[in-house]
Amino acid sequence: MADAKRIDGKAFAADLRERVGRGVAELKVATGMTPGLATVLVGADPASQVYVRSKGKMAAELGMASFDHRLPAETAEEELLALVATLNADPAVNGILVQLPLPKQIDTSRVLLAVDPDKDVDGFHPINVGRLGSIAPGAPLDFPVPCTPLGCSMLLADALGSLAGRHAVVVGRSNLVGRPVAQLLLRANCTVTIAHSHTRDLPALCRLADILVVAIGRPEFVHGDWIRPGATVIDVGINRVPTVDGKSRLVGDVVFAEALPVAAHLTPVPGGVGPMTVACLMYNTLQATRRKAGLPFVAV
Ligand code: GUN
């Protein structure tokens, strides 16, 4: 079989960012509003620092205002809640992102609940989780939807067109990725199976998938013989693994070289789902600002 067509998330994300940038410019002309994104990082986790920096940089590149808040690792929950309340009340802030994970003295669900649902550009507030969980098939996504799942669904729609009737197997049930991806695939009229650590005979289940979305955070867990010939594989994993020369490299949750000759479409790591997350955050921030301005929903 011919090698899988690589799904170029890097190129798609660059195009999406360009469309968002145009949307920002149009919004400024039409309303005088500049979308504002506030990022909040508690502690100094190196990976989180890299993510938050890239979010602020991207916002500025697209003509948005960016407000960067750093708090020490020992910050008390009440202090973080006070900052969230300030950002909720700030008219220059249209989107709030509290980088996860939070230090253990902080109750994450309390913080997510405190973010104004209209500014919840992560789509993690229970109101937005509930909106996605109860959405009608094909209904517009006119509320914030978690960024990585949104990116996965955009890549799938671009690669396959209609997803109706396809069997999608989602490996992983996290609130960040697995569950919201499953909801988006249901909305797109897939038949959805969610697999997790207690699933029996995972390889056999994966082989039933027309669309296989893997989001478990275990390096090169899914092998080529788990994949049905002609399937579309979305690898959400980003795992840094050591190499023999003492350095490290990024790998996904799927053994790429094994999947390549079997799948019809496949996302690489890096350059697949990864770049979509930040681009979708920018998309969500623009959409939140448009809603604030009372403009009708249009997918940019
Ligand atoms: N940590 C890892 N991914 C994410 C994300 O999409 N949003 C937030 N807020 N934190 C994260």
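Looking for something more than 16 Å from the ligand (Cβ to nearest atom), more than 18 Å from the chain's Cα centre (by Cα) and under 24 Å from Arg17 (Cα atoms) - is there at least one such residue anywhere in region 143-160?
The answer is yes; a qualifying residue exists.
Looking only at residues that are buried (at least 17 other Cβ atoms within 10 Å of the Cβ) and within 16 Å of the ligand (Cβ to nearest atom) in region 118-128, which one is farthest from Arg53 (Cα to Cα)?
Asn128
Test Arg131 against the criterion of being crowded, with 16+ Cβ neighbours inside 10 Å, within 25 Å of Ile238 (Cα to Cα), away from the ligand (no atom under 14 Å from the Cβ) and free of Cβ contacts under 8 Å to residues at least 24 places away in the same chain, and give yes or no.
no
Can you name every residue in region 259-300 that is within 16 Å of the ligand (Cβ to nearest atom), β-branched (Val, Ile, Thr) and over 17 Å from Pro146 (Cα atoms)?
If the condition is that a residue be within 16 Å of the ligand (Cβ to nearest atom), β-branched (Val, Ile, Thr) and over 17 Å from Pro146 (Cα atoms), then Val269 is the only one that fits.
Confirm whether Asp253 is on the phi < 0 side of the Ramachandran plot, modelled with pLDDT of 95 or more and more than 16 Å from the ligand (Cβ to nearest atom).
Answer is no for this residue.
Can you find even one residue in region 73-90 that is under 30 Å from Leu295 (Cα atoms), open to solvent by less than 10 Å² (accessible area, probe 1.4 Å) and among the hydrophobic types (A, V, I, L, M, F, W, C)?
Yes: region 73-90 contains one or more residues that are under 30 Å from Leu295 (Cα atoms), open to solvent by less than 10 Å² (accessible area, probe 1.4 Å) and among the hydrophobic types (A, V, I, L, M, F, W, C).
For region 39-56, what are the residues that are part of a helix (DSSP H, G or I) and either surrounded by 14 or more Cβ atoms within 10 Å (Cβ to Cβ) or more than 18 Å from the chain's Cα centre (by Cα) (or both)?
Passing the criteria: Pro46, Ser48, Gln49, Tyr51, Val52, Ser54, Lys55, Gly56.
Suppose we keep only residues that are more than 15 Å from the ligand (Cβ to nearest atom), in contact (Cβ under 8 Å) with a residue 24 or more places away in the chain and open to solvent by 40 Å² or more (accessible area, probe 1.4 Å) within region 168-191. Which one would you say is farthest from Arg131 (Cα to Cα)?
Thr191
Of everything in region 57-69 that's surrounded by 14 or more Cβ atoms within 10 Å (Cβ to Cβ) and not aliphatic (A, V, I, L, M), which residue is farthest from Ala25 (Cα to Cα)?
Only one residue tops the list, namely His69.
Quick one: which of Ala82, Ala76 is more than 15 Å from the ligand (Cβ to nearest atom), farther than 30 Å from Arg22 by Cβ and without any contact (Cβ under 8 Å) to a residue 24 or more places away in the chain?
Ala82
So, in region 91-111, how many residues would count as being surrounded by 16 or more Cβ atoms within 10 Å (Cβ to Cβ) and part of a helix (DSSP H, G or I)?
The number of residues fulfilling the criteria is 2.
Select from region 90-109 the residues that are more than 17 Å from Met282 (Cα to Cα) and within 15 Å of the ligand (Cβ to nearest atom) and write down the one among them that is nearest to the chain's Cα centre (by Cα).
Leu100
I'm trying to understand the selection: among the residues of region 4-38, which are more than 17 Å from the chain's Cα centre (by Cα), open to solvent by 70 Å² or more (accessible area, probe 1.4 Å) and in contact (Cβ under 8 Å) with a residue 12 or more places away in the chain?
Within region 4-38, Lys5, Arg6, Arg22, Lys28, Ala30 qualify.
So if I check each of Pro268, Pro296, Pro275, Pro261, which one is part of a loop (DSSP other than H, G, I, E, B) and crowded, with 16+ Cβ neighbours inside 10 Å?
Pro268
A quick yes/no check of all residues on (1) within 20 Å of the chain's Cα centre (by Cα); (2) not hydrophobic (A, V, I, L, M, F, W, C):
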| residue | (1), (2) |
| --- | --- |
| Ala209 | no, no |
| Ala215 | yes, no |
| Asp225 | no, yes |
| Arg228 | no, yes |
| Gly246 | no, yes |
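Can you confirm whether region 241-250 contains a residue that is under 19 Å from Ala11 (Cα atoms), open to solvent by 20 Å² or more (accessible area, probe 1.4 Å) and assigned to a loop (DSSP other than H, G, I, E, B)?
Within region 241-250, none of the residues are under 19 Å from Ala11 (Cα atoms), open to solvent by 20 Å² or more (accessible area, probe 1.4 Å) and assigned to a loop (DSSP other than H, G, I, E, B).
The values are calculated or read from the model by the stated rules, or taken from the named source; none is laboratory data. What you see is a predicted model, and the numbers here were worked out from it, not measured in a lab. Cβ: placed from backbone, ideal geometry, glycine included. Neighbour counts: every protein chain shown. The accessibility values were calculated without ligands, DNA or RNA, using every heavy atom of the protein model including side chains. Shrake-Rupley method; radii C 1.70, N 1.55, O 1.52, S 1.80 Å.
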